[in-house]
Amino acid sequence: MSSPSPGSGVAVLGVAVPTPLRRLFDYRPGAAAPEGGWQPGLRVRVPLGRREVVGVVVECRAHSELPLDTLKPVSACLDTQPLPADWLWLCRFTARYYQHALGDTLHQAMPVLLRQGRPLEARTRERWQLTAAGRDTSAAQLGRARRQAELLELLRQHPRGVVHSVISAQGFARAQLQGLADKGLASATEEPLTAVPAPRQGGLLAEPALTLNREQAAALAALHEGLERYHPCLLQGVTGSGKTEVYLQLIEAVVAHDRQALVLVPEIGLTPQTLARFRRRFRVPVVALHSQLTDAERLDAWEAARAGRAPIVIGTRSAIFTPLARPGAIIVDEEHDGSFKQQDGLRYHARDLAIIRAHREGIPVVLGSATPSLESLVQARAGHYRHLQLTRRASHHAPARLELVDLRGRRRQGGLVPPVIDAIRQALAAGNQVLVFINRRGFAPTLACHACGWLAECDHCDARLTLHRQPSQLTCHHCERQRPLPDACPDCGSADLRPLGTGTERSEETLAALFPDVAVHRIDRDSTRRKDALEQTLAEIRRGEPALLVGTQMIAKGHHLPHVTLVVVVNADAGLYASDFRALEHSAQLLVQVAGRAGRAEHPGRVLVQTLHPEDPHLRLLAERGYEALAEQLLEERRAAGLPPYRHLALLRLESPREADATQLAGEAAEALRDWLASHALAVDCLGPVPAPMERRQNRYHVQTMLRSERRGPLHDACAWLVRWLEAQPGARRVRWSLDVDPQTLS
Ligand code: ADP
Ligand code: ZN
Ligand code: ZN
């Protein structure tokens, strides 16, 4: 009995190709039909203009709007079976939701080698084992074939087999293996490179799970209740409260059910330390999608996940597009972290897609954080997410309170006031480590002329140049342009040029002078450019000698620093008065994260926060009543101002080398959109256009228009219409534009 093969009667293939155009291209199937017939999800090679590109079949139709004989045929089908349907669904959802071209979305969601047309199949290796006859044969029976005898003994010691690369690494030649095989003593099987070793006795865990405290146990029990269905949970736990231990035990349950777990961590969070912790716990492999993988390794990992051979997959933002054969749970650690949102091209939010994906696949999803995003808090309060809380640290110390230190009218050395310097001295004298957090890399935020007030500015951006000393130069942190240090002021000729403000390099220099007997480690993007530099410094710090750590947010996140008992925040003010509507939320999250570095092990900690605004109501709320109380206040302000999470936003950004071009197109777009909204009676506000907060960047002018609505439906319709309108504008070619749905910043 044969059922009609899928896709029989297909006359036209709607193919998503990698172009910025938001539409499918029609092709004739040609002679390339795969064995199983045409289906959505098959990769094809197709002619596009004068090129050949790799696209993905999205629709199989009987008809085209174009005459069939004008369609070009597909050159080749690249797959024997389609890419997974759930994966295709997620990509289509993403393209639609973020108003991005589907072809480009699909390309971004697959490993580079698949984009290039490489087959999706597991690379294999040989595993050699003794046969029954081989097990009954003694080395002595092999007589003069001495190397074969040694090989026989090697295989005997490994009843589960030895892979070929290991055998050749021991100096054996293929002829010796073949010799054993010819005698019927050994045989080889092919297995995927990413094969999961057969379980040894002793089960799943390589290291026993910890005994959970009462709150952890309650959280885990709640998670166990929803293992078989969509079950979104917000796991809110102060730093060090044992969220990771809860993840590990949830994963244990998922893998025990023969399902796969996907763990998303922030960019900065996929450290060797984190990975080691997961790998120590489980006997099954933990597949990590980190930036140092080769293209071939990335494809192996993707294939293993798709085939179900990777029980645990851990990665950063883009890992949300890893297909799983038997999805069991998705965990998003530090869900509030900004790195989950891609800031260019396909501007997706991996946390939001995690929710969508878990819903589609009918599995639990856990969003974990000490400082949840306001979006997630609102969902939890509304009962859409289950709210699980860990309020106590596993070490029993309460997290350190923030102590505000008034900067006004006080002498500063390297940005630090005398009582803070005293506190540092005491902590070091007691044999502890001190973390000095300063969110500006470089020596000083800029260089100033004391005679005329000139400030070093970038020629290409509306921004100051940062002064660096290692090496000595001025750098723009927005366009990366570098300039040599001037000997004299370009405006007045005075030689009295001085650094203005404090960056990590300057802080490092001052602290080294103040505490000459103590090691000072600087951790920022500049000091960690060299591969492994960060890990080496952290290893040095973990040895526990008294030391000073000076760093940016790079050190604030994720790292376990058990010997730090004092955290100093050099200046908390930048985020308090920034224009961006999320600035307060983000700076509170960062402060709490930094504070969480103090006293994680047996030492209680102290956190000193320097500020010029000790009476600032937001800062006081955070210091006195904690993140939750501040979040409550911020939510009220957001509601009053009509901002997310109560209203939904989309931001149209336009940029052009000529200011007039950008402004004109922005104005026309806003006008056309307003007309369209009015004629459709849609409740969407169109605000702007206005110049971007930093109007000139890299010598291009930036303007923007904001769309805002209480409901997602009308906002989505307006975005879709606007994008089509822009695509149809001839003038749009001189202007680059992008639409950001759910923007994280308005800059
Ligand atoms: P979080 O992820 O919330 O920051 P972790 O899971 O990293 O917290 O836990 C912080 C520390 O507490 C770790 O050293 C961890 O081993 C330890 N810990 C977590 N849970 C327990 C527990 N139930 N019993 C003992 N120690 C625990
Ligand atoms: Zn001057
Ligand atoms: Zn610049």
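Rolling a 1.4 Å probe across the protein heavy atoms gives segment 1-149 an accessible surface of 53 Å² per residue. Averaged over its residues, segment 301-443 has an accessible area of 35 Å² per residue, based on protein heavy atoms and a 1.4 Å probe. Rg and Dmax, both from the Cα atoms of the chain and both in Å, are 29.8, 95. The protection proxy used here, the mean number of other Cβ atoms lying within 10 Å of each residue, ranks peptides 634-641, 467-474, 365-372 as follows, highest first: 365-372, 467-474, 634-641. Each other residue within a Cβ distance under 9 Å of PRO18 adds +1 if Lys or Arg and -1 if Asp or Glu, for a net charge of 0. Among the protein heavy atoms of segment 580-735, carbon and sulfur supply 50% of the accessible surface, probe 1.4 Å, non-protein parts ignored.
Based on protein heavy atoms only, segment 451-540 ends up with 54 Å² per residue of surface accessible to a 1.4 Å probe. For segment 644-738, the list of GluC sites (Glu not before Pro) that fall in a loop by DSSP and count at most 16 other C-beta atoms within 10 angstrom reads GLU710.
Computed from Cα atoms alone, the Kirkwood hydrodynamic radius reported for segment 480-547 is 15.0 Å. With a Förster radius of 41 Å applied to the beta-carbon distance between TYR646 and ARG123, the computed FRET efficiency rounds to 0.25.
Close amide H pairs (under 5 Å, H built 1.01 Å from N) link LEU485 with LEU474, residues at least 5 positions away or on another chain.
Shape class for segment 39-80, computed from the alpha carbon gyration tensor (a ≥ b ≥ c): oblate, with a/c not under 1.5 and a/b at or below b/c. Each Lys or Arg adds one and each Asp or Glu takes one away; over the other residues whose Cβ falls under 13 Å from the Cβ of ILE363, this sums to +2.
Relative contact order of the chain: 10 percent, from C-alpha pairs under 8 Å at least 6 residues apart in sequence.
Projecting the Cα atoms of VAL286, TRP676, HIS478 onto the charge dipole of the chain, computed from C-beta unit charges around the Cα centre, puts VAL286 farthest toward the positive end.
Kirkwood Rh, segment 127-228, all Cα pairs: how many Å? About 16.8 Å for segment 127-228. ASP487 contributes an accessible area of around 140 Å² to the protein surface, as traced by a 1.4 Å probe with all chains present. Between ASP182 and ARG51, the distance separating the two model label sites (each 7 Å from Cα on the Cα→Cβ line) works out to 5.3 nm.
Each of LEU428, VAL246, ALA662 was placed along the dipole of the chain (beta-carbon charges, centred on the mean Cα), and the one lying farthest toward the positive end is VAL246.
Considering every alpha-carbon pair of segment 142-184, the percent of pairs per 10 Å bin, from zero through the bin containing the longest distance, is 28, 64, 9. Sequence-ordered 3J(HN,Hα) estimates for segment 473-480 from the Karplus curve with 6.51, -1.76 and 1.60 and θ = phi - 60° stand at 5, 9, 10, 8, 7, 9, 10, 6 Hz, glycine and proline given as x. Could you tell me what percent of the accessible area of segment 402-538 is made up of carbon and sulfur, with a 1.4 Å probe and every protein chain present? Roughly 44 percent, rounded to a whole number. The Cα center of segment 698-747 and the Cα center of segment 324-378 differ in position by 24 Å.
For GLN413, the shell of other residues with beta-carbons less than 14 Å away shows a net charge of +2, using +1 for Lys and Arg and -1 for Asp and Glu. Amide H contacts of LEU404 (H built 1.01 Å from N, in plane; Pro and chain starts excluded): VAL609 sit under 5 Å, all sequence-distant by 5 or more or on other chains. Backbone amide hydrogens, once placed in the peptide plane, bring THR19 within less than 5 Å of GLY103, ASP104, excluding anything fewer than 5 places away on its chain. Applying 1/(1 + (r/R0)^6) with r as the Cβ-Cβ distance of HIS560 and ALA660 and R0 = 41 angstrom yields a FRET efficiency of 0.15.
Considering only LEU142, GLY308, VAL332, and ranking their Cα positions along the charge dipole of the chain that arises from unit charges at the beta-carbon of Lys, Arg, Asp and Glu, the one farthest toward the positive end is LEU142.
Evaluated with a Cβ-only charge set (Lys, Arg +1; Asp, Glu -1), the chain carries a dipole of roughly 1480 debye about its Cα centre, given to the nearest 20.
The label point for LEU193 and the one for GLU150, both projected 7 Å from the Cα toward the Cβ, are 2.9 nm apart.
P(r) tail, segment 484-631: Cα-Cα pairs separated by more than 24 Å, 43% of all pairs.
Expressed as a fraction of 2.2 N^0.38 Å, the value expected for a compact globular protein of N residues, the C-alpha radius of gyration of segment 261-346 is 1.04. Summed over all non-identical Cα pairs, the Kirkwood treatment of segment 694-747 gives a radius of 12.9 Å. For the chain, the antiparallel share of DSSP beta bridges with both residues in that region comes to about 55%. Stretching the chain fully between GLU628 and SER75 yields a gain of 193.3 nm (0.36 nm per residue, less the alpha carbon separation). So how much slack lies between ALA140 and SER579, counting 0.36 nm per residue of separation and subtracting their Cα-Cα distance, in nm? The ALA140-SER579 span can extend by a further 149.8 nm. Using the Cβ-Cβ distance between ASP406 and ALA683 with R0 set to 30 Å, the FRET efficiency from 1/(1 + (r/R0)^6) comes to roughly 0.05. The label-point distance for LEU66 and GLN389, in a model that sets each label 7 Å from Cα toward Cβ, rounds to 6.0 nm. Three semi-axes describe the equivalent ellipsoid of segment 346-392; taken as square roots of 5 times the Cα gyration tensor eigenvalues and ordered largest first, they are 20, 14, 10 Å. Nearest 500 deg cm²/dmol is fine: what mean residue ellipticity at 222 nm does the chain get from its DSSP H runs of n ≥ 4 alone, each adding -39,500 (n - 2.57), divided by its residue count? After summing the helix terms and dividing by residue count, I get -9500 deg cm²/dmol.
Applying the Karplus relation 6.51 cos²θ - 1.76 cosθ + 1.60 with θ = phi - 60° to segment 377-392 yields 3J(HN,Hα) values of 4, 5, 4, 5, 5, 6, x, 6, 10, 6, 9, 10, 10, 10, 9, 10 Hz, where x marks Gly and Pro.
Considered as an equivalent ellipsoid built on the Cα gyration tensor, segment 1-128 has semi-axes of 23, 20, 15 Å, the largest given first. By the rule of a C-alpha distance below 18 Å, with chain neighbours fewer than 8 residues away ignored, the aspartates and glutamates paired with LYS531 are GLU267, GLU540.
With 0.36 nm allotted per residue and the present C-alpha distance subtracted, the HIS158-VAL112 stretch has 12.9 nm of extension available.
The values are calculated or read from the model by the stated rules, or taken from the named source; none is laboratory data. The shown structure was predicted, so the numbers you read here are calculated from the model rather than taken from an experiment. FYI the Cβ positions are ideal-geometry reconstructions off the backbone, even for glycines, and counts take in every protein chain you see. Note: accessible area is taken over every heavy atom of the protein model, side chains too, but ligands, DNA and RNA are not part of it. Shrake-Rupley method; radii C 1.70, N 1.55, O 1.52, S 1.80 Å.
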